[in-house]
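Trainee: Mind having a look at this structure? Questions to follow.
The values are calculated or read from the model by the stated rules, or taken from the named source; none is laboratory data. Owing to the predicted nature of the structure, the values given are computational and were not obtained by experimental measurement. Counting neighbours? That spans all protein chains shown, and the Cβs are built from the backbone with ideal geometry, glycine included.
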Amino acid sequence: MDLLGDLGDTDQLTSTRAENEILKERLNVLQKKYNILAIENESLKAEVEIYRSEAATSQSSSSTNSALDKAGTDTNQQLEMDHFIKSGDGTYAKSKSIELNNCHGPANVLCCSLSNDDSVLATGGADRNISLALWGNAFEQETTAEQVVESSLRLNCDAPVIAIDFSRKGHNTNFVAASCMDGSVHVIYYEKSGRTLNAHEVAKGTIKHGKYVRSLAWSPSENILATGSADGCVQIHKVVWNLIDPTDIVLEKIQNLQLSGPIESLCFREDQLCCYARGSPSLQCFDLQDNFAQQKINLNKGPGNAGFDDHVSFAVMDMSPYGNDYMALATDTSRNIIMDWKTGHHVRNLYGHKNDGYSQPRLAWSNNGQYIYGNSQTENVVCVWDVASSSIVDRLESHSNTIRDMHSSKLTDTLVTTSFDKKTQFWLSSTD
């Protein structure tokens, strides 16, 4: 009888385990359906806002009998219709290429950037290190991706590295800047020697903020670095060379700006520095050639915000310019915006992803300016929008966890993404 009882218990346990597996599969299916419905819900909310604003705009227009105002409105609408007429031609970084795993060992990779010639990858990690790697060596038969990671150059910081960027133009562009959770900013000078890298920190301890530095950027016209902190301060430094001793490099502070809230994002557009401070309804731009003269661009010029100039409905968590005409803005309300730089008008709104106030929204332009890459907190993919149609045309799959940062090359159709799965993924166009 005991034997039969044991057999019965075993059968029941096996049956229970099988039922649990079935329930897990059903739960995964339901979770995926929930994520899809959540994204669709956000899109519907956005459509409702657009319909409301259109109704408000129509009512306002009907109460105005001025032919001049009406002509001006027609002209503005015509100008908006002229943006991004042609759909994308399918050229963007879509094919998986080199994969670098564990660039920072067991720690998460938090940020990434590529040098001007795309040859050097810089990453920052939760292990308090900056990593510099000649990732292209992995294309050679005698070198594996693992060997590229092992041979990468590491420089230690005092806190996790959360933002990183290469200098873009100047006397010498072999600089990479990295900002940390403790408010420190490190500027590294590097040199390539064949298949190896040499690097050292310059002017150590010069740039220090009171709180963590979420965003930094180099000017596209000269070696000027801007860093923005959660203490609301933006510091601007210039690299100064010693003509007698080229190894003697100084970071000269040329301006200190105090904004009204934590600096969430910043970038350069030619000689203008554009910043966003949390809680502000505007982008704040400063002209470096005119003693940092300030210009405000109201963020409420889109169809979903008409008539509410001081209303703050989202925060700009990332921004990326394209040429001198457009600016892409990633918000914390599951909405990416394409803004006409000259007028401040929102010429496209991009939906279909999920990013709220607890996420790390990131975006980047394709090299030809026809597509936008972006992340989503509920999917481990790169969303690719065709800007002309405002629709997602591709979801690039490789990562097994949320994408933390991305960088798109201005030289080639190359995209690099980092994720909490500790993988750094390179994407190339199918024609490369």
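Trainee: Scan segment 12-30 and report the pairs whose first residue is on the phi < 0 side of the Ramachandran plot and part of a helix (DSSP H, G or I) and whose second residue is surrounded by 10 or more Cβ atoms within 10 Å (Cβ to Cβ) and among the aromatic types (Phe, Trp, Tyr), with Cβ atoms within less than 8 Å and a gap of 6+ or a chain change.
Mentor: Cβ pairs passing all conditions: none.
Trainee: Checking the structure you have, find out if any residue of segment 228-235 is in the same structural domain as Asp165 (by TED's automatic domain parsing), exposed (fewer than 14 other Cβ atoms within 10 Å of the Cβ) and either assigned to a strand (DSSP E or B) or hydrophobic (A, V, I, L, M, F, W, C) (or both).
Mentor: The answer is no, given that none of the residues of segment 228-235 is in the same structural domain as Asp165 (by TED's automatic domain parsing), exposed (fewer than 14 other Cβ atoms within 10 Å of the Cβ) and either assigned to a strand (DSSP E or B) or hydrophobic (A, V, I, L, M, F, W, C) (or both).
Trainee: Give Ala159, Ala133 a once-over and let me know the one that is modelled with pLDDT of 95 or more and in contact with a Leu (Cβ under 9 Å, 6 or more places away or on another chain).
Mentor: After ruling out the rest, the residue left standing is Ala133.
Trainee: Next up: Sort out which residues of segment 88-125 are in contact with a Phe, Trp or Tyr (Cβ under 6 Å, 6 or more places away or on another chain), in a loop (DSSP other than H, G, I, E, B) and either buried (at least 21 other Cβ atoms within 10 Å of the Cβ) or not assigned by TED's automatic domain parsing to the domain that holds Val393 (or both), and write them in order of number.
Mentor: Gly88, Tyr92, Ala93, Ser115
Trainee: Hey, Lys342 hits all of (1) under 25 Å from Ile85 (Cα atoms); (2) touching a residue at least 24 places away in the same chain (Cβ under 8 Å); (3) in a loop (DSSP other than H, G, I, E, B); (4) out of contact with any helix residue (DSSP H, G or I) (no Cβ under 7 Å at 6 or more places or on another chain) but one; which does it fall short on?
Mentor: Unmet condition: (2).
Trainee: Output the residues belonging to segment 261-295 that are of a type in the set (Lys, Arg) and modelled with pLDDT of 95 or more.
Mentor: Arg278
Trainee: Thr343: in the same structural domain as Gly279 (by TED's automatic domain parsing), at pLDDT below 95 and among the polar types (S, T, N, Q), yes or no?
Mentor: Yes: the conditions hold for Thr343.
Trainee: What number of residues within segment 378-417 satisfy the criterion of being assigned to a loop (DSSP other than H, G, I, E, B), buried (at least 18 other Cβ atoms within 10 Å of the Cβ) and free of Cβ contacts under 8 Å to residues at least 40 places away in the same chain?
Mentor: Matching residues across segment 378-417 total 1.
Trainee: Could you check, for segment 173-190, whether at least one of its residues is more than 22 Å from Thr206 (Cβ to Cβ), in the same structural domain as Leu266 (by TED's automatic domain parsing) and surrounded by fewer than 22 Cβ atoms within 10 Å (Cβ to Cβ)?
Mentor: No; the residues of segment 173-190 include none that is more than 22 Å from Thr206 (Cβ to Cβ), in the same structural domain as Leu266 (by TED's automatic domain parsing) and surrounded by fewer than 22 Cβ atoms within 10 Å (Cβ to Cβ).
Trainee: Looking at segment 145-157, can you tell me whether even one residue there is in contact (Cβ under 8 Å) with a residue 12 or more places away in the chain, of a type in the set (Val, Ile, Thr), over 20 Å from Val213 (Cβ atoms) and assigned by TED's automatic domain parsing to the domain that holds Ser221?
Mentor: Scanning segment 145-157, I find at least one residue that is in contact (Cβ under 8 Å) with a residue 12 or more places away in the chain, of a type in the set (Val, Ile, Thr), over 20 Å from Val213 (Cβ atoms) and assigned by TED's automatic domain parsing to the domain that holds Ser221, so the answer is yes.
Trainee: Look through segment 153-180, keep the residues that are in a strand (DSSP E or B) and not hydrophobic (A, V, I, L, M, F, W, C), and return whichever of them is nearest to Asn223 (Cα to Cα).
Mentor: Asp165
Trainee: If we keep just the residues of segment 250-302 that are surrounded by fewer than 15 Cβ atoms within 10 Å (Cβ to Cβ) and acidic (Asp, Glu), which is nearest to Pro321 (Cα to Cα)?
Mentor: Glu270
Trainee: So is Lys211 surrounded by fewer than 20 Cβ atoms within 10 Å (Cβ to Cβ) and within 19 Å of Gln258 (Cα to Cα) or not?
Mentor: For Lys211, the condition - surrounded by fewer than 20 Cβ atoms within 10 Å (Cβ to Cβ) and within 19 Å of Gln258 (Cα to Cα) - is met.
Trainee: Condition test on Ser221, is it under 24 Å from the mean Cα position of the chain (by Cα), over 14 Å from Val185 (Cα atoms) and either modelled with pLDDT of 95 or more or part of a strand (DSSP E or B) (or both)?
Mentor: The answer is no for Ser221.
Trainee: So Tyr358 ticks every box in (1) buried (at least 19 other Cβ atoms within 10 Å of the Cβ); (2) more than 19 Å from Ser97 (Cβ to Cβ) but one. Which box is left unticked?
Mentor: Result: Tyr358 fails condition (1) only.
Trainee: I'm trying to understand the selection: among the residues of segment 323-334, which are outside any strand (DSSP E or B), out of contact with any His (no Cβ under 9 Å at 6 or more places or on another chain) and not acidic (Asp, Glu)?
Mentor: Scanning segment 323-334 gives Gly323, Asn324, Thr333.
Trainee: Can you tell me which residues in segment 257-303 are of a type in the set (Phe, Trp, Tyr) and not in a strand (DSSP E or B)?
Mentor: Within segment 257-303, just Phe292 meets the criteria.
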